[in-house]
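Only the coordinates and a few stated rules stand behind these numbers; no lab work does. Just so we're clear, the structure is a prediction, and the values are computed from it rather than from any experiment. Here the Cβ positions follow ideal geometry from the backbone for every residue, glycine too, while neighbour counts run over all protein chains shown.
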Amino acid sequence: MTVEDYKKNDEAEIKRVIERGVEAICAKDLDRVMSMYAPDLVSFDIVPPLQYVGADAYRKHWGEALSSFPGSINYEIADLSITVGDDVAFAHSFNRLSAAMDNGQKIGNWLRWTACFQKINGKWLIAHMQASVPVDLMTGKAVLDLKP
């Protein structure tokens, strides 16, 4: 196999990791959600704190998030791009989680998502993840009505 073939295979595997993660989120399967993250993950998510360090800290965050949605969850990805190196890769896309929270509030805004993957023991895992929404600098408020 050529180097290009290996990169295409790795890109397809990373896409499968992301797709399995989406399926796990929609199924509210915390163990499957966490299976895509490296143990030493660093995450900059859209909710406080500024960073989560380690998969255990991020697991707690995901557990709380999933339990705040009593009904179904829908998760969409648009404009996914994956770039693969030898043992590191990165992906970026626009993502949207749509659901009703336990207080009845509906969410479903698009956010910007970037993930850095690392090949660990032959498996592609997310080592760093960042999610963000644009901010109107004049008001200091998040702009939540943008679409890809």
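Note on the chain: semi-axes of the ellipsoid equivalent to its C-alpha gyration tensor, largest first and rounded to whole Å, are 27, 18, 15. Karplus-derived 3J(HN,Hα) values for the stretch 22-29, using 6.51 cos²θ - 1.76 cosθ + 1.60 with θ = phi - 60°, are 4, 4, 5, 4, 5, 7, 6, 9 Hz; glycine and proline are entered as x.
Quick check on the exposure proxy: order I107, I14, I77 from fewest to most C-beta atoms within 10 angstrom.
The order, fewest Cβ neighbours first, is I107, I77, I14.
Count the net charge of all other residues whose Cβ sits under 10 Å from the Cβ of P148, scoring Lys and Arg as +1 and Asp and Glu as -1. Local charge sum for P148: +1.
Among the lysines, which have Cα under 20 Å from the Cα of K7 when same-chain residues fewer than 8 positions away are ignored? Of all the lysines, those that pass the test against K7 - Cα under 20 Å, at least 8 places apart if same chain - are K15, K119, K123. Springs join every pair of Cα atoms under 10 Å in this Gaussian network model of the chain, and among G108, G71, G21 the largest mean-square fluctuation is at G71.
How high is the relative contact order of the chain, in percent, with contacts defined as C-alpha pairs under 8 Å that are six or more residues apart?
Across the chain, relative contact order equals 21 percent.
Using only Cα atoms and rounding to the nearest 10 degrees, what angle (0 to 90) does helix 55-67 make with the longest principal axis of the chain? For 55-67 against the chain, the angle is about 40 degrees. Here's the list of aspartates and glutamates a cross-link from K8 could span, going by alpha-carbon distance under 19 Å and ignoring same-chain residues fewer than 8 apart: E19, D79, D86, D87.
For H128, the residues 5 or more places off, or on other chains, whose built amide H falls under 5 Å of its own are V42, C116. Using just its DSSP H runs of length 4 or more, each adding -39500 (n - 2.57), the chain gives a mean residue ellipticity at 222 nm of -9500 deg cm²/dmol after division by all residues.
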